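What follows is a short report on a single structure.
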Amino acid sequence: MAGKLADALSAVDGLRPATSAAAEISWLRTDPAGGSVDLTSDAVEIRLVALRLPLPPLLSAAETQVRETLEGTEWAGARIRLVVTDIDGTAFTG
């Protein structure tokens, strides 16, 4: 499910999953983007990097994508927490 959520968020122009550099260079076969997602029985937390501003419309679009992806799963009613861990420098240009 973590990978599906990360894939769904790729449809939101201006956000990307926050990945760890350590996960990207690990010898273990993992999906670094999936590492930005934490799932518990009642909550879904996703760490993101903003590539542009303003944040409110981006986060609204991200929440919509997450809700659609969770539809019909055990997390359909879960609380969603979107955490912007960084803002890319390109967000401040233009």
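Taken together, the values in this text are just the output of simple stated rules run on the coordinates, not laboratory data. Keep in mind that this is a model prediction, so the values were computed, not measured. Please note: Cβ atoms are built from the backbone with ideal geometry, for glycine as well, and neighbour counts cover all protein chains shown.
Between R67 and E45, what length comes free when the chain is fully extended (0.36 nm per residue of separation minus the Cα-Cα distance, one decimal in nm)? The partial results should precede the final answer.
Values: separation 22, 0.36 × 22 = 7.92 nm, distance 1.23 nm.
Extra length available between R67 and E45 comes to 6.7 nm.
Just add up the charged neighbours of F92: K/R +1, D/E -1, any other residue whose Cβ is under 13 Å from the Cβ of F92.
-1
Could you go through the stretch 59-69 in sequence order and give the Karplus-derived ³J(HN,Hα) for each residue, using 6.51 cos²θ - 1.76 cosθ + 1.60 with θ = phi - 60°, rounded to whole Hz, and x for Gly and Pro?
Rounded to whole hertz, the list is 5, 5, 5, 5, 4, 4, 4, 5, 4, 5, 5.
Scan around T73 for amide H atoms under 5 Å from its own, H built in the peptide plane at 1.01 Å from N, and keep only partners 5 or more places away or cross-chain.
none
Calculate log10 I(q)/I(0) of the stretch 40-94 for q = 0.12 Å⁻¹, where I(q) comes from the Debye formula with a single equal point scatterer on each Cα and nothing for solvent.
After summing over all Cα pairs, the log10 values are -0.32.
Output ³J(HN,Hα) for the stretch 37-49: one whole-Hz value per residue in order, computed from phi by the Karplus curve 6.51 cos²θ - 1.76 cosθ + 1.60 with θ = phi - 60°, and x for Gly and Pro.
Listing the rounded values in order: 10, 10, 10, 10, 4, 10, 8, 10, 10, 10, 8, 10, 10 Hz.
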